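Report on the structure given below.
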Amino acid sequence: MATARSVTKQKKPSKALFSLPFKVGDVAVYPAHGVGEIKSIEQREISGSKHQFYILQILDNGMKIMVPTKNINAVGLREIISKDEVEAVYAILKERDITIDNQTWNRRYREYMDKIKTGSIYEIAEVYRDLMLLKHEKALSFGERKLLDSARSLLIKELAFAEARDEDEIDMDLQDIFDD
């Protein structure tokens, strides 16, 4: 029979024991903005409570984004894809047995924008592929051209990091996939 003295009180693990998934200098993908570098991890007080943030600088445009470390899954912050996943992206880009909806350009635009906002490189590859195929059939709207450029830029940046290759080489690979 245990006495009150012999029962050890368990303490909650200190926050210092929990490691953060990213550290300063790591690169990560932020949905719809692309690859960024973790410049710092800072603590800020908001409404009387302290919160920890990743300070992420987007490589394409230098934009700085504060991402709460406890909300990285909710906002979609993720690691760069692995080399193994690169092949799946290229397979999506090369797929031709697809049907592009005959919906209006603005409905297509909203659908594609939603896919880009997910931050999934696979969804972004689908948007890029679909718009490139559509571009061969008819002229794209201004909005669709902007989405195509955005998807292209997001793909090139992440694939270049994943494959440790030059962005120009990746761009040429993408062009080769869609040249007839």
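Figures for the structure shown
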item	result
Point-charge dipole on Cβ atoms (K/R +1, D/E -1) for the chain, about Cα centre, debye to 20	1840 debye
Amide H contacts under 5 Å for G119, placed H, 5+ residues apart	A32
Peptides ranked, highest mean first, by Cβ atoms within 10 Å: ranges 168-175, 50-57, 135-142	50-57, 168-175, 135-142
Segments 112-123, 148-159 sorted - mean Cβ within 10 Å per residue, highest first	148-159, 112-123
Nearest-ten-degree value, helix 121-137 long axis tilted from longest Cα axis of the chain	10 degrees
Expected 222 nm ellipticity per residue - DSSP helices of 4 or more, -39500 (n - 2.57), all of the chain, to 500	-14500 deg cm²/dmol
Set K50/K115; K64/K146; K39/K117; K39/K135 screened for pairs whose C-alpha atoms are more than 30 Å apart	K50/K115; K39/K135
Two-site label geometry, R165 and I46: point separation in nm, points 7 Å out along Cα→Cβ	3.9 nm
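Computed from the coordinates by the stated procedures, all read-outs in this text should not be read as laboratory data. These figures come from a predicted structure and were not determined experimentally. Using ideal geometry, Cβ is built from the backbone for each residue, glycine included, and neighbour counts are taken over all protein chains shown.
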